[in-house]
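Notes for the one structure printed next.
Values quoted throughout were computed directly from the atomic coordinates according to the rules given, and no laboratory measurement underlies them. Quick caveat, the model's predicted, so the values are computed rather than measured. All Cβ positions, glycine included, derive from the backbone under ideal geometry; neighbour counts span all protein chains shown.
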Amino acid sequence: MAEIAVAALDQFGLAAILPHRGVGAEALGAAPGVAINPGPVSSAGSDFALWSVAPGQWLAHRETAAPDWAEQLGETLQGLATVIDQSSGYALIRVSGADAQRVLQKGLPVDQAALGPGAVVVSAIAHIGVVVHWRAADCFEIAVFRSFATSFREWLDSAIAAL
């Protein structure tokens, strides 16, 4: 039997961060007090993290978010970036346990051995777009468009059953 736990998360916040022309990562991170790490990784702040999803683009992630948290973040980043609340557009699923990496290997077409905790990957699993954040060696958070959440969960359940 697979050693794995799956939890659908709620009350989280996700917001797209799109810097204005000429605003670099250092200036963007300084306003909310986040030292932005280079590359496709997560950068932790005091109450949220920035997941690098493309060069110069981030998803801000907060574990528990008030309905207006993205608006407040937008005020903090005013003049530096556009902030777009994505919380209601995504489902967030946490996969953890000794077999978490094995189950992701069934569908995630990346060299997981080259990655580690803090890594962020934008890819597809079972033809469904995903943003995968490695929280720890045996814990992953997977953001998937809400309209595909049921299909993704069916794939995930099948992949777990096949271990």
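Brief remarks follow.
- If you check 66, 54, 114, 126 for being within 24 Å of residue 162 (Cα to Cα) and aliphatic (A, V, I, L, M), only one passes: 126.
- Picking from residues in region 61-119 that are touching a Pro at 6+ places or on another chain (Cβ under 9 Å) and aliphatic (A, V, I, L, M), the one that is surrounded by the fewest Cβ atoms within 10 Å (Cβ to Cβ) is 115.
- Contacts under 9 angstrom Cβ, first residue in region 18-40 being touching a residue at least 24 places away in the same chain (Cβ under 8 Å), partner in a helix (DSSP H, G or I), 6 or more apart: 19/25; 19/27; 19/28; 31/76; 32/73; 32/76; 37/25
- Within region 1-60, if we keep just the residues that are β-branched (Val, Ile, Thr) and closer than 26 Å to residue 150 by Cα, the residue that is surrounded by the fewest Cβ atoms within 10 Å (Cβ to Cβ) turns out to be 6.
- Subset of region 128-163 that is surrounded by 15 or more Cβ atoms within 10 Å (Cβ to Cβ) and acidic (Asp, Glu) - its residue that is nearest to residue 51 (Cα to Cα): 141
- Residue match in region 68-91 (condition: within 29 Å of residue 22 (Cβ to Cβ), in contact (Cβ under 8 Å) with a residue 24 or more places away in the chain and charged (D, E, K, R)): yes
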